[in-house]
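Trainee: The structure that follows is given in the form of structure tokens.
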Amino acid sequence: MTRLDFRNLLHEIWLNSDTDFTGVGIIVCDTPICLPIINLRGDFPKASGTTAEILSHLSRTKSKYHDGFHIINQMGLITHISQYFSPPIVMSVNIDRSRPIGGRFAAAIFGSVIPGVLMTGIVSEGHG
């Protein structure tokens, strides 16, 4: 998965979202064992469709899987759903505070420097 592929995935999730969209956080990683994660739900939903369709559907208020980060591999396949992701704070990361940021955004920024993480991205509830 290239950066362009990942941007397109995030954009497609945004396009598929509706007014009940809660936002989404995604980590691209082929070695999730290296991640500071814990499963928030304990199960994996039965879902069909493209990765973007599934993640858009899971990111709705009525879905019990809308919290946390979802992990996909470099092929774009979903490997983990609804993971609490707690990366260490990286003081050298420059955060643009000229716009509002939240916890998911900060976790994505800090998590992007973890060895094995290829990319992180979010789409906020407000579609940012």
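The values are calculated or read from the model by the stated rules, or taken from the named source; none is laboratory data. Not measured: the values here are computed from a predicted model. Positions of Cβ are backbone-derived with ideal geometry, glycine not excepted, and every protein chain shown enters the neighbour counts. Just the protein is used for accessible areas: all its heavy atoms, side chains included, with ligands, DNA and RNA removed. Shrake-Rupley method; radii C 1.70, N 1.55, O 1.52, S 1.80 Å.
Trainee: Name the residues in the stretch 1-21 that are part of a loop (DSSP other than H, G, I, E, B), within 17 Å of E125 (Cβ to Cβ), open to solvent by 30 Å² or more (accessible area, probe 1.4 Å) and of a type in the set (S, T, N, Q), would you? Break it down stepwise before answering.
Mentor: Here is the first cut: in the stretch 1-21, the ones part of a loop (DSSP other than H, G, I, E, B) are 1-2, 17-20.
When the remaining residues are screened for being within 17 Å of E125 (Cβ to Cβ), the result is 17-20.
Add one more test, that the residue is open to solvent by 30 Å² or more (accessible area, probe 1.4 Å), and what stays is 18-20.
Correct list: T19 only.
Trainee: Let me ask something else about it. Filtering the stretch 41-78 down to residues that are under 24 Å from F110 (Cα atoms) and more than 14 Å from the chain's Cα centre (by Cα), which residue is modelled with the highest pLDDT?
Mentor: Filtering the stretch 41-78 for residues that are under 24 Å from F110 (Cα atoms) and more than 14 Å from the chain's Cα centre (by Cα), the one modelled with the highest pLDDT comes out as M75.
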